[in-house]
Amino acid sequence: MEIEKVKCLIIGSGPAGYTAAIYASRAGLSPVLYQGLQPGGQLTITNDVENYPGYPEGINGPQMMEDFKKQAERFGTDVRYGIATAVDFSSQPHKVTIDEQQVILADSVIISTGASAKWLGLESEARLNGNGVSACAVCDGFFYRGQDVAIVGAGDTAAEEATYLANLCRKVYMIIRRDEMRASLIMQERVKKTPNIEIVWNSVTEEVLGEQAVEGVRLKNVLTNETREIPVTGFFVAIGHQPNSEIFKEYLNLDENGYIRTIPGTSKTNIDGVFACGDVQDFTYRQAVTAAGTGCMAALDAERYLASRDLH
Ligand code: NDP
């Protein structure tokens, strides 16, 4: 196996990873960044980003990530294709295997592997992703203002997103596969009290309808097997996120949902020299701007750590 030694290794290439890279490269840490499975992260499956400060006209997600990347490269970040497939954080320097074939020895590691939205797994859902199908109401809800939309899921995220959408849209159909909601009682109450949310109980999505863009959704009642079509222009999936933390779980403290635990107010994990930022450690905010903020924190924490060990 090929072995390479670096001062600062960044794993993941969303707003958190690239921001960490901008700061780390400007601080002279010569960071190496591996882009991971989905270069650019979740923003590359969004259209316009309108809530990132500094872009008064909005910017499309893939373009924004390209700009982040260029800015990181401008200061010397070595951005590479490749996926971290294993880690060994048992001794310094930390060991990270890339694509099962290359070993990087790193004095500091910044984890920014993000989270992935869970999807229903329908062909039509994948085909219309970005054209009416979305896993983020806060990102995309605005495009459906005044229109009718549907949202799948019955947890706190779905309940929160349904009420968020109800403020913008004419009508929100909330599609729930059982006869009860998993969400906290207070969120259930909020949903039930919102007049323009219609809960469709005991129902699963058979197909998202439309060729170029979402035009409706076909639902099946699991008790009666009856199907029904509802005309909607937006279809939101809120059935949970999966933090991409699997390869770290042997070494890092994770919470009950798999998110990496960091020491509050820092990006520090339970292992010295290993820092986490962005969605892999944040299930509360999950925004590009908050991810970028924690990416900055991780680079500053890594720099201080290296300086304190005379590794800078
Ligand atoms: P959850 O796992 O809590 O809920 C997922 C929901 O999606 C469930 O209702 C589940 O249904 C449904 N679901 C899963 N798969 C399918 C499918 N294939 N078809 C239809 N429905 C499906 O995820 P959340 O993202 O909502 O929440 C994750 C965690 O974050 C929770 O602990 C939650 O409390 C927390 N959270 C807290 C918030 C807050 O405090 N403000 C805000 C958001 C999240 P079923 O119930 O039938 O399994």
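Condition check ((1) open to solvent by less than 10 Å² (accessible area, probe 1.4 Å); (2) in a loop (DSSP other than H, G, I, E, B); (3) out of contact with any strand residue (DSSP E or B) (no Cβ under 6 Å at 6 or more places or on another chain)) across all residues:
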residue: Ile3; (1), (2), (3): no, no, no
residue: Ala16; (1), (2), (3): yes, no, yes
residue: Ile22; (1), (2), (3): no, no, yes
residue: Leu43; (1), (2), (3): no, no, yes
residue: Glu66; (1), (2), (3): no, no, yes
residue: Gln71; (1), (2), (3): no, no, yes
Residue among Ile83, Ile175, Ile111 that is closer than 30 Å to Gly273 by Cβ and in contact with a strand residue (DSSP E or B) (Cβ under 6 Å, 6 or more places away or on another chain): Ile111
Count of residues meeting criterion [out of contact with any Leu (no Cβ under 9 Å at 6 or more places or on another chain) and modelled with pLDDT of 95 or more] in the range 271-290: 10
Thr262 vs. criteria polar (S, T, N, Q), out of contact with any Gly (no Cβ under 6 Å at 6 or more places or on another chain) and in the same structural domain as Ser13 (by TED's automatic domain parsing): yes
Qualifying helices (runs of 4 or more DSSP H) (wholly inside the range 102-175; at least 1 residues being crowded, with 24+ Cβ neighbours inside 10 Å): 137-140, 156-168
Any hit, the range 283-299, residues being of a type outside the set (A, V, I, L, M, F, W, C), in a helix (DSSP H, G or I) and touching a helix residue (DSSP H, G or I) at 6+ places or on another chain (Cβ under 7 Å): yes
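Residue by residue through the range 256-280, note down the ones that are without any contact (Cβ under 8 Å) to a residue 24 or more places away in the chain and surrounded by fewer than 22 Cβ atoms within 10 Å (Cβ to Cβ).
Across the range 256-280, the qualifying residues are Glu256, Gly258, Arg261, Ile263, Pro264, Gly265, Asn270.
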Matching residues, the range 209-233, being more than 13 Å from the ligand (Cβ to nearest atom) and assigned to a strand (DSSP E or B): Leu209, Gly216, Arg218, Asn221, Thr227, Arg228, Glu229, Ile230
Residues within the range 46-64 that are open to solvent by less than 70 Å² (accessible area, probe 1.4 Å), assigned to a helix (DSSP H, G or I) and either within 16 Å of Asn129 (Cβ to Cβ) or not hydrophobic (A, V, I, L, M, F, W, C) (or both), tallied: 2
Among the candidates Ile176, Ile197, residue that is more than 19 Å from Arg286 (Cα to Cα) and within 11 Å of the ligand (Cβ to nearest atom): Ile176
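Residue check: is Phe283 closer than 20 Å to Tyr164 by Cα, within 14 Å of the ligand (Cβ to nearest atom) and open to solvent by 80 Å² or more (accessible area, probe 1.4 Å)?
When the stated conditions are applied, Phe283 passes them.
The values are calculated or read from the model by the stated rules, or taken from the named source; none is laboratory data. This structure is a prediction, so every number in the text was calculated from the model and none was measured. Glycine gets a Cβ as well: all are built from the backbone with ideal geometry, and neighbour counts include every protein chain shown. What goes into the accessible areas is simple: the full protein's heavy atoms, side chains included, and nothing from ligands, DNA or RNA. Shrake-Rupley method; radii C 1.70, N 1.55, O 1.52, S 1.80 Å.
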